[in-house]
Amino acid sequence: MAETFTWIPQFTFSEDVDFVTLISKGEKGKERRRSKRSTAKRKFTLTFNVLTSAVGDAIYAFYIARKGATETFNWTNSVTGTVYTDCIRFEHDNLSREYFTKGRYKLTINFIQVL
């Protein structure tokens with residue numbers, strides 16, 4: 001069973017919706033469009049502006065345990081309440097922490113929905 005990402009960002013949260021459309025031109029120049037996916041793929045960016053070392057280290061350990069973008073996990077969108085079960089993963093294989101004082105830092109995480 002997949003683990004659950006439970007941390008909620010303090011301020012910044014964004015959601016992107018992506019579709020894939022195949023566009024082909026007919027002989028007379030008319031475009032034909034067809035969706036290559038029946039549902040939208042969602043991307044989320046969560047920014048944690050002021051993390052303590054304890055919380056930041058826990059998030060970092062969660063990322064390491066998923067092996068970056070390798071494993072999926074559960075997550076609940078704190079704004080809409082939508083529950084994503086075993087279909088969210090980290091978008092990238094790298095995660096950086098921005099330290100701004102001892103024991104405090106900023107962390108931005110990108111999630112992507114696996115269809």
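Please treat every number below as a calculation from the coordinates, not as lab data. No experiment lies behind these values; they were computed from the predicted model shown. Every residue, glycine among them, receives a Cβ derived from its backbone with ideal geometry; neighbour counts consider all protein chains shown.
What does the charge add up to near R104, with Lys and Arg as +1, Asp and Glu as -1, over the other residues with Cβ less than 15 Å from its Cβ?
On the way: positive: R97, K102, K106; negative: D57, E98.
In short, +1.
Leaving out same-chain residues fewer than 8 places away, which aspartates and glutamates sit with a Cα under 15 Å from that of K102?
Correct list for K102: D57.
So who's got an amide H within less than 5 Å of the one on Y84, skipping anything under 5 residues away but keeping other chains? H placed 1.01 Å off N, in plane.
Here the answer is W75, T76, N77, since their amide H atoms fall under 5 Å of that of Y84.
Taking just the alpha carbons, could you work out the radius of gyration and Dmax for the chain, both in angstroms?
Taking only Cα atoms of the chain, I get Rg and Dmax of 17.9, 65 Å.
Taking K36 as the anchor, which lysines have their alpha carbon closer than 30 Å to its alpha carbon, excluding any fewer than eight residues away along the same chain?
K25, K28, K67
Angle check, please: helix 53-65 long axis (alpha carbons) against the longest principal axis of the chain (alpha carbons), in degrees 0 to 90, nearest 10.
Result, in degrees: 50.
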